[in-house]
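Derivation of every value follows stated rules applied to the coordinates shown; laboratory data play no part. Owing to the predicted nature of the structure, the values given are computational and were not obtained by experimental measurement. Cβ coordinates were reconstructed from backbone atoms using ideal geometry, including for glycine residues, and neighbour counts include every protein chain displayed.
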Amino acid sequence: MCDDWRDRFAETPDVLKSARLQQTIVQVLDVEIGGDEFVTMAGPCSVETESQLLATADHVRRAGARVLRGGAFKPRSSPYAFQGLGLEGLKLLARARKESGLAIVTEVMSEGDVPLVAEYADILQIGSRSMENYSLLEAAAHSGRPVLLKRGMVATIADLLRSAQCILDYGNPQVILCERGIRTFETAMRNTFDATAIVLLKQVSHLPVIADPSHAAGHRDLVPSLARIAVAAGADGLLVEVHPHPDKAWSDGEQSLDFAGFDSMMADLDPYLALRGMTQREQAQPWRETVGSCSMEAAG
Ligand code: PEP
Ligand code: MN
């Protein structure tokens, strides 16, 4: 990394690459994020029903996803929109982990919910709207779970790194950065996908960087192209919304891929990953019995 960048991000020294640390690998169950494998996290925006979640988990696993996403606590723009199933959603996620073997990432919105969410989830997602909620960052850091930190929709790269630095300062080095689109003057898309952020973050930081093309685009037809751009930009993985019937989804249906769309996105990534010498999946492997090794008492 050149000195210009080191000076620019001098406030957040611990997230920057150093002679000692070039790349952090976040280990979750049998998945390594930031290593040689490209890791796709996929699933519905919100956990809705048992059949919706289990069918999605089964499908995305077969297509090569390694982590199941799904919101049980939902930050919504309208107070009247579906707010998530809460504890019932967490229990469904634990059930899906047990049946699919996939690790679980789910959002935690408040400091008080951290112990509960950490009991069920393998990775705690800090949403865009919460990126600068420092008491939440502290609680999430202390949970001991890896933290997937989404870039705030109006946050600069320095702001994102500052929040990551806080989590490290609180003693948790397992942080995954996520570019999910930012607000600009452009309104055709939900957000503007900042591919440069991925390039720069990979250059300056040792933390794994993933991309969320779903919230960046807001339209499902753009998602596969943004996913390819993320691979070309050097991302370590993706966070993608997938739903069995996107048109009936309780949240974010317009940006969710259906199963066929997910399959085709995954297949189309392969040549791009091959250019980076990366693979995406241990395809068609029956999942390994790793659940018990990772203190998943809450499963079931
Ligand atoms: C989500 O992942 O469903 C979500 C709400 O994301 P963001 O915080 O990026 O808006
Ligand atoms: Mn969503």
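General remarks:
- Residue among 87, 149, 275 with the largest mean-square fluctuation in a Gaussian network model of the chain, springs linking Cα atoms under 10 Å: 275
- GNM top mover of 166, 178, 45 - the chain, alpha-carbon springs below 10 Å: 166
- With a Förster radius of 30 Å applied to the beta-carbon distance between residue 78 and residue 184, the computed FRET efficiency rounds to 0.85.
- Take the Cβ atoms of residue 203 and residue 275, set R0 to 25 Å, and the FRET efficiency comes out at 0.85.
- Note on residue 129 and residue 8: the extension gain reaches 41.1 nm, defined as 0.36 nm multiplied by sequence separation minus the Cα-Cα distance.
- Among the listed pairs 74/248; 98/202; 74/150, those beyond 24 Å (Cα-Cα): 98/202
- Residue among 202, 248, 17 with the largest mean-square fluctuation in a Gaussian network model of the chain, springs linking Cα atoms under 10 Å: 248
- Computed FRET value (nearest 0.05) for residue 55 with residue 119, which takes r as the C-beta separation and R₀ as 30 Å: 0.75
- Check: the chain dipole with +1 on Lys, Arg Cβ and -1 on Asp, Glu Cβ, in debye: 100
- Over all orientations, the chain has a Cα convex hull whose mean projected area works out to 14.5 square nanometres.
- The reciprocal of the average 1/r between distinct C-alpha atoms defines the Kirkwood hydrodynamic radius, which for the range 22-137 equals 14.6 Å.
- Peptides ranked, highest mean first, by Cβ atoms within 10 Å: ranges 78-86, 193-201: 193-201, 78-86
- Charge dipole (Cα centre; +1 on Lys/Arg Cβ, -1 on Asp/Glu Cβ; no other charges) of the range 1-146 amounts to roughly 380 debye.
- With the simple spin-label model, which puts each label point 7 Å out from Cα in the Cβ direction, the residue 169 to residue 62 separation comes to 4.8 nm.
- Label-to-label distance, residue 20 versus residue 87, with points set 7 angstrom from Cα along the beta-carbon direction: 4.3 nm.
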